[in-house]
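Undergrad: Just dropping this structure here.
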Amino acid sequence: MECQNARSLIPSYLDGELTQAQAGPLRQHLLDCQPCRGSAQDGKNLKRWFAASEPVAVPAGFAARVARRALQGDTGEFPPSLAAPRAEEERGRMLRFVLTCTAAAAALLFVLSLGMRQLALPHSDRMLADSSPQLSRAIQELDRLNAAERKQKRAELDAVKTKPKAGPDAPLESGKKP
Amino acid sequence: MQPRLMEREAPDDTCLVDEVLGGSQASFQLLVERYEQRIFNLIRHYTRNPVEIEDLAQETFLKAFRRLASFQRQSSFYTWLYRIAVNTILDSLKRRGRSPVQAVEDLEAVPAAPSAASPSPSATLEREEIARITQEVLEGLPEIFRTVLVLREYEDMAYQDIADLLGISIGTVESRLFRARARFKERLLQKHPEFGNES
Ligand SMILES: [Zn+2]
């Protein structure tokens with residue numbers, strides 16, 4: 001093998017890209033030829049700069065988060081099954097529900113008090129409801145919120161039941177959603 | 001490579017892909033868990049910011065999910081995922097205007113300078129210190145050179161796989177690697193002349 005040929009093969013050789021048939025003669029040439037051996041050593045030196053460094057830390061729960069987002073994005077709906085439900089999420093869901101109810105109740109009270117003040121003397125529920133469109137709107141709103149909440153719970157229950165393959169945390173997933 | 005233990009006991013990638021296509025979030029989570037470390041390690045060679053690393057990793061997996069139906073199974077799932085990761089990284093570099101402006105052809109036309117002896121990290125240098133210097137040098141290289149070096153040296157990819165991944169010929173991989181190494185050496189010596197006197 002000639003030096004020129006050897007030199008052109010050295011990078012591939014160091015990268016493990018040569019077949020045995022190609023590598024054999026090159027190895028022999030490197031044994032016999034000091035300058036080419038130097039060139040191979042040079043290539044090896046450069047490779048030492050690429051020693052593996054510490055792996056990057058993957059944040060805890062990354063895969064669960066990404067999988068949840070992926071499935072959410074796909075359907076555009078609520079997560080079909082929270083394969084690994086996390087406590088803070090459950091708390092968040094509960095909190096949202098409580099806040100919604102509180103807000104609705106506060107609105108109802110406010111409207112109610114307005115209604116009471118504006119009406120001279122409300123004697124019955126019937127009269128109150130009839131005479132205050134704002135109040136009935138507030139009640140309707142509350143009903144709507146409750147219905148939406150029920151629907152969401154049902155959807156989640158269904159999703160759990162029809163989940164094709166149970167994840168490791170699936171047994172934790174019962175219908176006991178807030 | 002992934003530990004063999006895992007391959008033996010866990011469902012293989014194609015099974016998981018089928019389950020994901022059938023709507024299984026748990027199976028997608030398994031796929032992400034299987035490759036998240038390698039994807040994070042890959043991205044780290046392009047940005048050191050942990051938030052950016054996580055964002056790019058997430059973007060990679062979400063894109064993979066959306067395109068899963070187009071996964072042809074001629075290549076391995078990982079190769080396919082990898083291509084998405086590399087493209088996501090390169091797109092992001094472009095978006096942020098951090099990709100060097102030179103055109104690929106210009107870079108490939110420039111002959112590699114006849115090189116001095118390659119500096120070798122001195123024996124006393126800590127592994128992390130070597131990694132830091134290399135990272136610093138890589139960051140100054142045009143993206144096409146950085147990418148072939150990362151894929152070849154860190155990811156240990158075969159020329160053929162790099163060629164497939166980047167959509168270039170094996171010959172181009174070889175010549176690009178050759179130039180990339182010459183540039184790397186040159187820049188390393190510029191930044192750290194102290195390594196130039198090593199044997
Ligand atoms: Zn020779």
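Undergrad: Give me a count of the residues in region A:44-79 that are more than 7 Å from chain B (Cβ to nearest Cβ) and at pLDDT 90 or above.
TA: 5
Undergrad: What single numbered condition from (1) at positive phi; (2) surrounded by 14 or more Cβ atoms within 10 Å (Cβ to Cβ) fails to hold for B:E155?
TA: (1)
Undergrad: Can you confirm whether B:A26 is at the interface with chain A (Cβ under 7 Å from one of its Cβ atoms) and under 14 Å from A:A67 (Cα atoms)?
TA: On the way: at the interface with chain A (Cβ under 7 Å from one of its Cβ atoms): yes; under 14 Å from A:A67 (Cα atoms): yes.
It is true that B:A26 is at the interface with chain A (Cβ under 7 Å from one of its Cβ atoms) and under 14 Å from A:A67 (Cα atoms).
Undergrad: Okay, next question. Looking only at region B:33-53, count how many residues are closer than 12 Å to B:L81 by Cα and facing chain A (nearest Cβ under 7 Å).
TA: Here the count works out to 1.
Undergrad: Filter region B:13-57 down to residues that are without any contact (Cβ under 8 Å) to a residue 40 or more places away in the chain, crowded, with 17+ Cβ neighbours inside 10 Å and within 16 Å of the chain's Cα centre (by Cα), then give me how many there are.
TA: Residues in region B:13-57 being without any contact (Cβ under 8 Å) to a residue 40 or more places away in the chain, crowded, with 17+ Cβ neighbours inside 10 Å and within 16 Å of the chain's Cα centre (by Cα): 8 in total.
Undergrad: Please list, ordered by residue number, the helices (runs of 4 or more DSSP H) wholly in region A:1-58 having 2 or more residues that are among the hydroxyl-bearing types (S, T, Y) and within 16 Å of the ligand (Cβ to nearest atom).
TA: Numbers: elements: A:3-14, A:20-32, A:34-47.
By residue number, A:3-14.
Undergrad: Is it fair to say B:V86 is modelled with pLDDT of 80 or more, outside the structural domain of B:R179 (by TED's automatic domain parsing) and at negative phi? Walk me through how you get there before you give the answer.
TA: Details: modelled with pLDDT of 80 or more: yes; outside the structural domain of B:R179 (by TED's automatic domain parsing): yes; at negative phi: yes.
Spelling it out, B:V86 is indeed modelled with pLDDT of 80 or more, outside the structural domain of B:R179 (by TED's automatic domain parsing) and at negative phi.
Undergrad: Here is a check on your reading of the model: is A:A40 surrounded by fewer than 12 Cβ atoms within 10 Å (Cβ to Cβ) and of a type in the set (A, V, I, L, M)?
TA: So A:A40 fails the test.
Undergrad: I've got another one for you. Looking at region B:102-199, what helices (runs of 4 or more DSSP H) fall wholly within it and have at least 1 residues that are at pLDDT 80 or above and not assigned by TED's automatic domain parsing to the domain that holds B:R48?
TA: Ranges flagged: B:127-139, B:143-149, B:159-166, B:170-191.
The values are calculated or read from the model by the stated rules, or taken from the named source; none is laboratory data. Everything quoted here is computed from the prediction, not taken from an experiment. Every residue, glycine among them, receives a Cβ derived from its backbone with ideal geometry; neighbour counts consider all protein chains shown.
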